[in-house]
1. Find the strands (runs of 3 or more DSSP E) located wholly in segment 1-83 whose residues include 3 or more that are buried (at least 18 other Cβ atoms within 10 Å of the Cβ), in contact with a Gly (Cβ under 7 Å, 6 or more places away or on another chain) and modelled with pLDDT of 95 or more, and list them.
2. Output the number of residues of segment 210-262 satisfying the condition of being of a type outside the set (G, A, S), over 14 Å from the mean Cα position of the chain (by Cα) and more than 23 Å from A199 (Cβ to Cβ).
3. Working carefully through the options G200, G245, G229, G269, find the one that is more than 20 Å from L108 (Cα to Cα) and open to solvent by 20 Å² or more (accessible area, probe 1.4 Å).
4. Every residue in segment 93-115 that is polar (S, T, N, Q) and part of a helix (DSSP H, G or I), please.
5. In the list L240, L249, which residue meets the criterion of being under 23 Å from D135 (Cα atoms) and either more than 14 Å from the ligand (Cβ to nearest atom) or touching a residue at least 40 places away in the same chain (Cβ under 8 Å) (or both)?
6. Does A138 meet the test of being surrounded by 17 or more Cβ atoms within 10 Å (Cβ to Cβ), within 13 Å of the ligand (Cβ to nearest atom) and assigned to a loop (DSSP other than H, G, I, E, B)?
7. Looking only at residues in segment 155-176 that are surrounded by 15 or more Cβ atoms within 10 Å (Cβ to Cβ) and within 11 Å of the ligand (Cβ to nearest atom), which one is nearest to S193 (Cα to Cα)?
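The values are calculated or read from the model by the stated rules, or taken from the named source; none is laboratory data. Treat the numbers as computed from the prediction; the structure is a model and nothing was measured. All Cβ positions, even for glycine, are placed from backbone atoms using ideal geometry, and neighbour counts span all protein chains on display. When the accessible area is computed, the model is the full protein with side chains, heavy atoms only, and any ligands, DNA or RNA have been set aside. Shrake-Rupley method; radii C 1.70, N 1.55, O 1.52, S 1.80 Å.
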Amino acid sequence: MILLSELSKWTVGIDAGSTAIKVAFYNGQEFHCWQKPSGWSPREVVAEMLEQAKVELFEKSSKTIDYEIDKIYATGYGRVSLSFADKALTEIACHGKGASYLAPSASLIIDIGGQDAKGIAINNKGRVVDFVMNDKCAAGTGRFLQVTAHALGLEVADLAGIAEAVEDPQPINAMCTVFAESEVIGLLNQGVSREAIVAGLHLSVARRVAAMVARLLPREKGSIIFTGGVSRNRSIAKALEKELGHFVLVPPKAPYAGAIGAALLAWEGFN
Ligand code: ADP
């Protein structure tokens, strides 16, 4: 059962991503987060998620709690379709805010989502000072991992554990999802093991993202946070660490960084 504090005022952050909708409720003290596939109508999915979240938070506890939702801020690919949101904010602003809340010492955020990968540099006040983004090429994104996982008869959630012991990863050279899928099928037909292909896949994604964020790398060690849905894959986090030569932190709520940032900015009344 979810334990709630006495506070009844809440803000809501919604990250309407290309792959998954993330929702965060915040009362100035604690976050409660949910996620669902985006589906064909993000607007309907969000409306349903908000109703379910309210039931879970305020009606299923031992007593019904009086609450007020002060503001709803939205970010992500589908944010413009959410007319009930009080404000639509950029992903850079929300991911920057959310990630620096989850890891206050971080000066670089690496976010890998379904259709893009971002590097966001933040200063010691948590303000965004620079960013890089790949939203043109599928290589180095979650979608690339999803498609290649399916070509291997796997789900993305299965990828992490499978290749940890591989010493000789099979590099994947294709930059486009469709060609990568054919390359994977070709490698399987040549008898290359699934484990070696998965290890190579992780390495390719990590190398592409590491090259993209190279100019934003912090001078001191230990200040990189990895967020977005792909941060659930611990093998990619490890591969990034190896490529970057820095410790990469993955807090438990890392996939929700954008929604958390939106809820925090709503709480602060950001305009
Ligand atoms: P978006 O914001 O674009 O919708 P997300 O940040 O939610 O994207 O990330 C979606 C990606 O996360 C998927 O494409 C997939 O590769 C990855 N992913 C989702 N769930 C898992 C999981 N359980 N393990 C590993 N990777 C995952």
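1. Details: elements: 9-16, 20-26, 31-37, 68-75.
Filter on segment 1-83 gives 9-16, 20-26.
2. Just the residues of segment 210-262 that are of a type outside the set (G, A, S), to begin with: 212-213, 215-221, 224-227, 230, 232-234, 236, 238, 240-244, 246-253, 255-256, 260.
Remaining after also requiring over 14 Å from the mean Cα position of the chain (by Cα): 212-213, 215-221, 224, 238, 240-244, 246-248.
Restricting the remaining residues to those that are more than 23 Å from A199 (Cβ to Cβ) gives 215-221.
The qualifying residues number 7.
3. Only one candidate qualifies: G269.
4. Here is the first cut: in segment 93-115, the residues polar (S, T, N, Q) are 100, 105, 107, 115.
Result: S100, single match.
5. Working: L249 fails: under 23 Å from D135 (Cα atoms).
Exactly one residue qualifies, and that residue is L240.
6. Here the answer is yes, as A138 does meet what is asked.
7. Ranking the qualifying residues of segment 155-176, first place goes to L159.
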